[in-house]
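Engineer: Below are the structure tokens for one structure; questions will follow.
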Amino acid sequence: MISTPGLDALLGRHSVGPKHLVEPGPSDAQLAVMVRAALRAPDHAELVPYRFKLVRGAAKQGMAALFADAARAAGKGEEGAALDAERALRPPVSVAVVARIDPDHPQVPVPEQWAAVGGAVSNFLTAAHLLGFGGKMLSGAKARDPAIAAAFCAPGETLLGWIALGTPARRAPSGASRKPDPAAVLQDWHPPCK
Ligand SMILES: Cc1cc2nc3c(=O)[nH]c(=O)nc-3n(C[C@H](O)[C@H](O)[C@H](O)COP(=O)(O)O)c2cc1C
């Protein structure tokens, strides 16, 4: 079994949902490390096709109000609206992931730009895990709600969702057992027969 401390920590990463996240959230310095990790993800032409928007402190109430309004607009009752508001209030820190995809870029097609966004999210979460924080990338219908998207995005940008961040309330299983065997996703390629 190949093992190094860094690899073991990486292979132990798993998502921690908002209901298992408690204070404290990461400090400014720790958040800056997460962003530095995000910026190390592969990124064709170094477009940095994303921005992160921190939601913490009093801003959480503002996001909760937006979530509740969106829930009502989607036909949910007051109980559903309160539940969605709670999703904004629960994590000590939420980090909105805003993608800036250029559909007309002469060199970097759209899928490659999205790949850079995904790599950034992954590195951000891995850095959070290595610093001892729990986190989970979340989206849902809320991320596509026009009023919520407009509150986070400039024209042309896309709200991917939010990374919920905080201290894990309990040691969670790594979830590695749910993952496919590497052999199922790594295959030798053979040229097509002529
Ligand atoms: C862009 C994106 C959006 C996601 N949105 C949700 C979501 O709204 N709800 C959810 O339960 N999981 C969502 N997930 C999946 C979780 O973040 C997580 O990856 C999944 O539960 C697997 O857990 P693991 O990271 O421990 O392997 C999303 C993942 C990505 C990349």
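Every number here is computed from the coordinates shown, using simple stated rules; none is lab data. None of the values given here were measured: they were computed from a predicted structure. Glycine gets a Cβ as well: all are built from the backbone with ideal geometry, and neighbour counts include every protein chain shown.
Engineer: Go through the range 84-129 and report how many residues are within 12 Å of the ligand (Cβ to nearest atom) and among the β-branched types (Val, Ile, Thr).
Structural biologist: 4
Engineer: Determine if the range 135-146 includes at least one residue that is without any contact (Cβ under 8 Å) to a residue 12 or more places away in the chain, of a type outside the set (Lys, Arg) and more than 15 Å from the ligand (Cβ to nearest atom).
Structural biologist: Yes, there is a match, as at least one residue in the range 135-146 is without any contact (Cβ under 8 Å) to a residue 12 or more places away in the chain, of a type outside the set (Lys, Arg) and more than 15 Å from the ligand (Cβ to nearest atom).
Engineer: Further question: Check Val93 against each of (1) surrounded by 20 or more Cβ atoms within 10 Å (Cβ to Cβ); (2) more than 13 Å from the chain's Cα centre (by Cα) and name the one condition it does not meet.
Structural biologist: (2)
Engineer: Sticking with this structure for a sec: Please name all residue pairs, on different chains or six or more residues apart, with Cβ atoms under 7 Å, provided the first residue is in the range 1-21 and is aliphatic (A, V, I, L, M) and the second residue is loosely packed, with under 13 Cβ neighbours inside 10 Å.
Structural biologist: Qualifying pairs under 7 Å: Leu11/Ala176; Leu21/Ala169.
Engineer: Do we find that Gly132 is of a type in the set (Gly, Ala, Ser), on the phi > 0 side of the Ramachandran plot, more than 13 Å from the ligand (Cβ to nearest atom) and touching a strand residue (DSSP E or B) at 6+ places or on another chain (Cβ under 9 Å) in this structure?
Structural biologist: yes
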